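Scroll down for the structure; my scribbles are underneath it.
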């Protein structure tokens, strides 16, 4: 078994975008504060933003890891592929998440892609104050000790690659070390605040 790797140190991007859409690097004295203030004034209000993004259907995954001997996990709808060479994936976690401090201490993490009939599992791993791995959750330990949820359509085991603060979330990028596909089950989706199923056109 490979040794656990330390998570990369979090950092804020030094790339800024001004009001004309031009990109500048660094934080020029006397400018970055003005740019940030200007952009904040142009941003849509939070409620309208949430309503707009609710129209976007997203895939649902559960991120799992092992903190010492304790399995941890959370539901995410922000999962995405990043790069083919090297194979990178990403997800976002709220900075206020109680799971994030424990997740970042793990040497590896797993991405469990949920199937259309695993909506209760998605709800369970989004709920606070419970043991998410207790019955009826079915799971086993996979490569590098990462907890893998049974019946997930795909398991990706990842090594931490990059993290960075983006707004009120942390962007987590992982290098995929293991990838296992289990059949061709339809995915679980999240749309308009509800879980649902994908029905392909005939």
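Filtered by the rule that a residue be outside any strand (DSSP E or B) and closer than 19 Å to residue 66 by Cα, the range 152-174 gives a lone residue, 152. Only one of the numbered conditions (1) surrounded by 12 or more Cβ atoms within 10 Å (Cβ to Cβ); (2) touching a strand residue (DSSP E or B) at 6+ places or on another chain (Cβ under 6 Å); (3) at pLDDT 85 or above is violated by residue 10, and that is (3). Of all residues in the range 51-77, those that are in contact (Cβ under 8 Å) with a residue 12 or more places away in the chain and over 23 Å from residue 131 (Cα atoms) total 6.
The values are calculated or read from the model by the stated rules, or taken from the named source; none is laboratory data. Predicted model, so just to flag it, every value in this text is computed and none were measured. Backbone-built Cβ (ideal geometry, glycine too); neighbour counts: all protein chains shown.
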